[in-house]
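The values are calculated or read from the model by the stated rules, or taken from the named source; none is laboratory data. Just so we're clear, the structure is a prediction, and the values are computed from it rather than from any experiment. When we count neighbours, we look across all protein chains shown, and the Cβ atoms used for this are built from the backbone with ideal geometry, even at glycine. For accessibility, only protein heavy atoms count, side chains too; no ligands or nucleic acids. Shrake-Rupley method; radii C 1.70, N 1.55, O 1.52, S 1.80 Å.
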Number of protein chains: 2
Amino acid sequence: MDIQHPYLMFLGDAPDRLAAKTAQGVADWRPEWCLGQFRMAGCNADLQLPDMTMEQAAEAGLKTVIVGVANRGGVISEAWIEVLVQALELGMDIASGLHSRLSEVPALQEAAERHGRSLFDVRHPRENFSVASGKKRSGKRVLAVGTDCSVGKMYTTLAMEKEMRARGWNADFRATGQTGIFIAGSGVSIDAVVADFISGSVESISPENDPDHWDLIEGQGSLFHASFAGVSLGLLHGAQADALILCHEPTRTHMRGLPEYQLPSLEDCMAANLAAAHLTNPDSKFVGIAVNTFHMAPDAAENYLKETEDRLGLPAVDPVRNGVGRIVDQLN
Amino acid sequence: MDIQHPYLMFLGDAPDRLAAKTAQGVADWRPEWCLGQFRMAGCNADLQLPDMTMEQAAEAGLKTVIVGVANRGGVISEAWIEVLVQALELGMDIASGLHSRLSEVPALQEAAERHGRSLFDVRHPRENFSVASGKKRSGKRVLAVGTDCSVGKMYTTLAMEKEMRARGWNADFRATGQTGIFIAGSGVSIDAVVADFISGSVESISPENDPDHWDLIEGQGSLFHASFAGVSLGLLHGAQADALILCHEPTRTHMRGLPEYQLPSLEDCMAANLAAAHLTNPDSKFVGIAVNTFHMAPDAAENYLKETEDRLGLPAVDPVRNGVGRIVDQLN
C-alpha cells in the first residue's frame, strides 16, 4: 500500500471539528502534502486549506482524496458517493479510514475499476503478511509504548521524526494506525491484522535499512490494557526496538474504556515492556518519557516532569510544550 | 458456531497416518461422537472406525462430516467435492480445518444453500467478537500456558476435563484451535481472530458460569515465542484463569520455527505468565507442571519430573504417562 500525494482532504459534511480529527492530524504533520480541502453543505470543520472542487483538485495535480472524517457508525454517507465517483473519474485515488469499506460500495468499486484507480481502506489490511521471523534487521528503531491507549504515542514518534530530520538524520515514521498511515503514506492498521501476523506485519513495515537509519515506530495500546495488550506485545516483539519511549497522561483516572482498571506505575510499565522487548532485542532500553500534560496547569506540569526525570533518571518532556530534542540527544 | 454430532470422520485420500492427525485427535477424545470414517482410494490412514458410505452415515443419523485431514497447501481436493456434495444432499453438515474454505467452493456453497445445511470453516472465525471488557466472570477457569508452541497444552486441558468429569465435577474444555474445536463442537481459532478481539473472543467462549463450574481453556503459543506471543498474551488476559498449568517439552533445542531462539527456563516462563495474568485476575496462580516426556527414556523422564517438582514445589506430571489427577487435586 502506497498512497500517492499530494492530498485533497475530504471533510464531507463533518458536523464539527472533532469529526475531522484524523484530517486535522494529517494536515498538521504533512502540510506540504495537504494542498486543499473539500467541504459539503453542513460541514462545520475547517482545516484552513484552500477549498477546492474535484475538478480544481485534479487540475492542481492532487493525487488522492483522503476521507479523514469520523461518522456515526463509521459508514460512508450516501451523500458523498457522487463526488467520490467524480474524483475517480478525474483520475484521483481515494483513501478512507472509516470502518465500512470504500471497496464495498458498488458505485465506487465500479468507477475505480473503470478508471484504473485505487481505493485504500486503511483500517483493513489487504496484504498477506508472513509470520514473524524474529531475525535481527539492520538499521535502528525507536518504539513508543504507553501506560494506556491514546496517551500521545503517535505524536511523540512524529515529533521524533521531525526533530531527527531537522538534524539531518536519516529517519522515517512507521505507521501502525489509520491517521499515521495517511501521514506516512503507507503502514498497517495493526489492530486489524489477523492475530498470528501481528509481529510479522511490524517486521514488514520496518524492514532492514542502512545502519544509520532510524525507524520511528508508532506504538499502539498498552501491555496493561486488558482489551488490547496482545496487540501491544506483538508490536513490541516485531519492532525489535533499540530505543523505547514511555508515553503517559498523568490525569487519567482509569484505563481507557475500562473503569475498573487503574493505570500502572511508570516503573511497572517500563519493567514489563523492557522484559518483553528483550526477547527480540536484548539491547533494548528506555531513552525518555513523553508526558501529555495538556490537562495540567503549567506549574504542575513542570513539577511533574522534573519529579519524573529525577526519579527515573531519563529525560521527561511534554513533546508539545518542550519538544523532544532532549530525548533525541540520548540516541546516536 | 455449534457443530452437531455424531461425526463421520472424512479421511479422503490421506496418504499416511500423520495426514489424519486432526481426525485421530478427535477420535481419541470424543470416541462417543466419532461413529464412522470415510476413506477414498489411496487412503492410508485408519481410525479403526467402521467404514461408511455417505448413505450409510446419513442413515445411521450422523450429523456432520469432519474434514480432519492435512493436505499439501491446506486445500480442498477436487476429488473430494462430489462426495461432500452428496453428504450435504443427504442432510449432513460439513466442518473443515483446512486453510482454504469450504464456503469458497461454489459447488459446496450452492449445495449447502439448496439443502439448508451448514459449512463450518473452523480456521476462519465468522463471529463478530466484542472488545474484551476485562470484567470478572463467575465460574472458575484453568488455562494451559507453555514454554513453546506444541508442547501439549491441548492434551493437558482435555486430560483435566476427563479427570474432573470422572470425579463428577462440572467441567468443560474450551477450544482455541482447530482440532480442539472439533473435539468441543465449538470454540474459536484464536490465531485467526482480528488482533483487536483476541481477548474478547476468549471472554466469549468462556462466559459466566455456575460458581462451581470449571472451564479448561486450551492454550496457544507462548509468551516467549517471537512470532506468536501477542496471541498468547491476549488469551491469558481474556481467560482470567484462576489456575495456570505450565506445559513443557524438555528435549526441544530451540523455539518451534525459530532456530535462533532458546526456550525460557520454567521459572522465567512462570514469572512472566503470572505477572501478565494478574492484570485481569490478581488471584491467578500456577497449580502444576505438565511435561511431555515422549522423547525421554522412562528413567530420565522420572528424574526430570521429580527434580522439577522439588525445585518448583508443584506437582509435575506427564499427562500421558501419569495422568493429571495430582494437578486436579490442587483445585477446589
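Brief remarks on what is shown
- The lone exception for residue A:126 - which of (1) open to solvent by 70 Å² or more (accessible area, probe 1.4 Å); (2) at pLDDT 95 or above; (3) within 30 Å of residue A:84 (Cα to Cα) it fails: (2)
- Number of residues in segment A:63-85 that are over 17 Å from residue A:13 (Cα atoms) and either out of contact with any strand residue (DSSP E or B) (no Cβ under 8 Å at 6 or more places or on another chain) or among the basic types (Lys, Arg) (or both) equals 1.
- Look at segment B:311-332: where a residue is under 16 Å from residue B:161 (Cβ atoms) and touching a residue at least 60 places away in the same chain (Cβ under 8 Å) and a partner is crowded, with 16+ Cβ neighbours inside 10 Å and polar (S, T, N, Q), sitting 6+ places away or on another chain with Cβ atoms under 9 Å, you get B:319/B:156; B:319/B:292; B:320/B:292; B:320/B:293; B:324/B:156; B:327/B:156.
- Which numbered condition residue A:281 misses (of (1) within 22 Å of the chain's Cα centre (by Cα); (2) under 30 Å from residue A:138 (Cα atoms)): (1)
- Matching residues, segment A:1-35, being hydroxyl-bearing (Ser, Thr, Tyr) and over 21 Å from residue A:157 (Cα atoms): A:7
- Checking each residue in segment A:55-79 for being assigned to a helix (DSSP H, G or I) and surrounded by fewer than 22 Cβ atoms within 10 Å (Cβ to Cβ) picks out A:55, A:56, A:58, A:59, A:72, A:73, A:74, A:78, A:79.
- Qualifying positions in segment A:284-303 - open to solvent by 50 Å² or more (accessible area, probe 1.4 Å) and farther than 30 Å from residue A:199 by Cβ: A:294, A:295, A:297, A:298, A:299, A:302, A:303
- Where residue B:132 falls short, out of the listed (1) open to solvent by 50 Å² or more (accessible area, probe 1.4 Å); (2) touching a residue at least 12 places away in the same chain (Cβ under 8 Å): (1)
- Within segment A:16-54, the set of residues being touching a Lys or Arg at 6+ places or on another chain (Cβ under 7 Å) and open to solvent by 10 Å² or more (accessible area, probe 1.4 Å) comprises A:51 only.
- Qualifying residue in segment B:107-119 (condition: under 30 Å from residue B:172 (Cα atoms), modelled with pLDDT under 95 and either open to solvent by 10 Å² or more (accessible area, probe 1.4 Å) or in a loop (DSSP other than H, G, I, E, B) (or both)): no
- So residue B:103, is it under 18 Å from residue B:121 (Cβ atoms), in contact with a strand residue (DSSP E or B) (Cβ under 8 Å, 6 or more places away or on another chain), polar (S, T, N, Q) and touching a residue at least 24 places away in the same chain (Cβ under 8 Å): no
- Identity of the residue in segment A:188-205, open to solvent by 10 Å² or more (accessible area, probe 1.4 Å) and touching a helix residue (DSSP H, G or I) at 6+ places or on another chain (Cβ under 8 Å), that ends up nearest to residue A:216 (Cα to Cα): A:203
- Count - residues of segment B:261-283 that are surrounded by fewer than 22 Cβ atoms within 10 Å (Cβ to Cβ) and among the small types (Gly, Ala, Ser): 3
- Looking only at segment B:25-53, residues that are part of a helix (DSSP H, G or I) and in contact (Cβ under 8 Å) with a residue 40 or more places away in the chain come to 3 in all.
- Matching residues in segment A:269-314 - criterion: being more than 14 Å from chain B (Cβ to nearest Cβ) and more than 24 Å from residue A:253 (Cα to Cα): A:283, A:285, A:286, A:287, A:313, A:314
- The residue that is nearest to residue A:123 (Cα to Cα), among those in segment A:51-91 that are at pLDDT 95 or above and among the polar types (S, T, N, Q), is A:64.
- Of all the residues in segment A:91-106, those that are under 21 Å from residue A:37 (Cα atoms) and outside any loop (DSSP other than H, G, I, E, B) number 5.
- Filter pass, residue B:46 being under 17 Å from residue B:120 (Cα atoms) and among the acidic types (Asp, Glu): no
- In the set (1) in contact with a Lys or Arg (Cβ under 7 Å, 6 or more places away or on another chain); (2) farther than 29 Å from residue A:18 by Cβ; (3) open to solvent by 10 Å² or more (accessible area, probe 1.4 Å), the condition left unmet by residue A:178 is number (2).
- Looking only at segment A:136-164, and only at residues there that are open to solvent by 50 Å² or more (accessible area, probe 1.4 Å) and within 18 Å of the chain's Cα centre (by Cα), the one that is nearest to residue A:248 (Cα to Cα): A:150
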